[in-house]
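The values are calculated or read from the model by the stated rules, or taken from the named source; none is laboratory data. All values derive from a computational prediction rather than experimental measurement. Cβ placement follows ideal geometry from the backbone for every residue including glycine, while neighbour counts extend to all protein chains displayed.
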Amino acid sequence: MACEDRQMFIYLSELLGRRVVASDGTPVGRAVDLKVRLGELYPKAGTLVIRRRERKPRALDWGHVEGVGPKAIVLRPGAEEALTDLEVGPEEILVRGDLLDQQVVDLQGARIERVNDVDMLVVKDELRLAHVDFGIRGILRRLGWLRAIDGLWRWLFGESIAEKLASWKYVQPLAADPKRNLKLNVSLRRIHDMHPSDIADIIEDLDRANRSSVFRSLDTETAAETLQEVDPKLQLSLIETAPPEKASDILESMEPDEAKEFLADLPEEKKDHLIGTMEKPYRERLEALLRHKEGTAGSIMTTDFLALDREQTVGEAIDAFRKAFHPLETVAYIYVTDHDRKPAGVITVRHLIVCGREEKLGALMNDRVVSVAASDSVETVADIFNKYKFLAVPVVDADGRIQGIITLQDIIQETAEEL
């Protein structure tokens, strides 16, 4: 197949609007689109869509194309007789109609980009999708300004405007039915390798349907971490798209104080249902957190911490650390309590590393412990962190027994608006 300037690649924008002529040069119409069947690594553009003036577009198998010249697409003899009405099946898309100007994820930048052009590979008598172009070159090419602007850019900066291409093999429709909802994304298999903060950025930029599609595709742990990074206004709508069992598992994978904040905003019926499906130990801790008044230390504390009796040994502390029910929010401190579970001192993870397994925690601890009451205000807690520069502070009930901890991250997040 002949291609202008014998290039192996051609852009969609270079084909659109180009004249289509019969083998004898008779005008047939103009190229207005290409039809592609999805499923292959590099899908074949199997059908050329042609329009003549205001008439209904017609379809022609790409096999009837003799070549793409500098001014026209030339057809093989008898091709006009093969023209048919355009029909698009459930696994097919129109490259211009369904793909151009749609959204695609830039994996390296972890953000949403818009498809400005499509790069296609010419292989023998076939035309296959090779890349999506989401750079400024694609826009300029479509406007017909690329040569002039690129020349000016080279004159000013000594180099051409950079290409921004994503290989088609990393792209796939987000929706199960590409005809109903074609937003393009880096393969969902690769999204799982991204940081939850980046996934959250992507989800926030997608529309509602594709948000739900991406979120449902995540494994439980990744979904939990991503949910904590998403704008609070979107959290409820995302969790509601997950089946009840998975929604419960996602919340159980979250840090208890984060899950508590999320549940506090739910309608009572929905909240009670989700809590009721959780495992008993986790459920009881959440219910205890929910009983605290908003704006108090108890409302922002986490119950993921270690508190051991002063008579226990370093070896027992190591074993308790390994058996923690939930991944600890902080490992900065391990609190040492008396027989009434009142904080008597604190040790650090360093003690577990450098001290013998038989040494008693009470003999190693620093007994200068500063705690806050569960009923203390968030402002009071912030003052404690500001004064003592702690990484975490224990929270005690009215009887002085330790109930949870507040980490430096917790208090920063809680007071960020004021700061």
Restricted to the stretch 253-270, and to residues that are modelled with pLDDT of 80 or more and within 19 Å of L227 (Cα to Cα), which residue is surrounded by the most Cβ atoms within 10 Å (Cβ to Cβ)? A259
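One residue is enough: does the stretch 329-339 have a residue meeting the conditions under 20 Å from A398 (Cα atoms) and touching a residue at least 40 places away in the same chain (Cβ under 8 Å)? Steps first, please.
Our first condition is that a residue be under 20 Å from A398 (Cα atoms); within the stretch 329-339, this holds for 335-339.
From what is left, the residues that are touching a residue at least 40 places away in the same chain (Cβ under 8 Å) are 335, 337.
The answer is yes, given that some residue of the stretch 329-339 is under 20 Å from A398 (Cα atoms) and touching a residue at least 40 places away in the same chain (Cβ under 8 Å).
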Any idea which of (1) surrounded by 20 or more Cβ atoms within 10 Å (Cβ to Cβ); (2) assigned by TED's automatic domain parsing to the domain that holds Y11 is the one D117 doesn't satisfy? (2)
For V28: the one exception among (1) over 13 Å from L129 (Cα atoms); (2) in contact (Cβ under 8 Å) with a residue 60 or more places away in the chain; (3) among the aliphatic types (A, V, I, L, M); (4) touching a helix residue (DSSP H, G or I) at 6+ places or on another chain (Cβ under 7 Å): (2)
If D304 meets every condition in (1) among the acidic types (D, E); (2) touching a helix residue (DSSP H, G or I) at 6+ places or on another chain (Cβ under 8 Å); (3) surrounded by fewer than 16 Cβ atoms within 10 Å (Cβ to Cβ) apart from one, which number is that one? (3)
Among the residues of the stretch 318-329, are any out of contact with any helix residue (DSSP H, G or I) (no Cβ under 6 Å at 6 or more places or on another chain), modelled with pLDDT of 85 or more and either buried (at least 18 other Cβ atoms within 10 Å of the Cβ) or among the aliphatic types (A, V, I, L, M) (or both)? yes
Of the conditions (1) hydrophobic (A, V, I, L, M, F, W, C); (2) assigned to a strand (DSSP E or B); (3) more than 35 Å from the chain's Cα centre (by Cα), the single one that I93 does not satisfy is (3)
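Evaluate the following for L38: is it touching a residue at least 60 places away in the same chain (Cβ under 8 Å) and crowded, with 20+ Cβ neighbours inside 10 Å?
Working: touching a residue at least 60 places away in the same chain (Cβ under 8 Å): yes; crowded, with 20+ Cβ neighbours inside 10 Å: no.
No: the conditions fail for L38.
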Within the stretch 201-242, how many residues turn out to be surrounded by fewer than 16 Cβ atoms within 10 Å (Cβ to Cβ) and under 21 Å from Q409 (Cβ atoms)? 3
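Pick from L60, L121, L127, L140: which is under 36 Å from the mean Cα position of the chain (by Cα) and at pLDDT 90 or above?
Numbers: L60 fails: under 36 Å from the mean Cα position of the chain (by Cα); L121 fails: at pLDDT 90 or above; L127 fails: at pLDDT 90 or above.
When all the criteria are applied, what remains is L140.
Identify the residue in the stretch 382-419 that is assigned to a loop (DSSP other than H, G, I, E, B) and in contact with an Asp or Glu (Cβ under 9 Å, 6 or more places away or on another chain) and, among all such residues, is modelled with the lowest pLDDT. Steps first, answer last, please.
Looking only at the stretch 382-419, we keep the residues that are assigned to a loop (DSSP other than H, G, I, E, B), and these are 389-391, 397-401, 416-419.
Now drop any that are not in contact with an Asp or Glu (Cβ under 9 Å, 6 or more places away or on another chain), which leaves 399-401, 418.
Values: D399: 94, G400: 95, R401: 95, E418: 54.
Step by step, filter the stretch 382-419, then rank; the result is E418.
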Taking E126 as the residue in question, decide whether it is closer than 17 Å to L48 by Cβ, buried (at least 17 other Cβ atoms within 10 Å of the Cβ) and either in contact (Cβ under 8 Å) with a residue 40 or more places away in the chain or in contact with a Gly (Cβ under 7 Å, 6 or more places away or on another chain) (or both). no
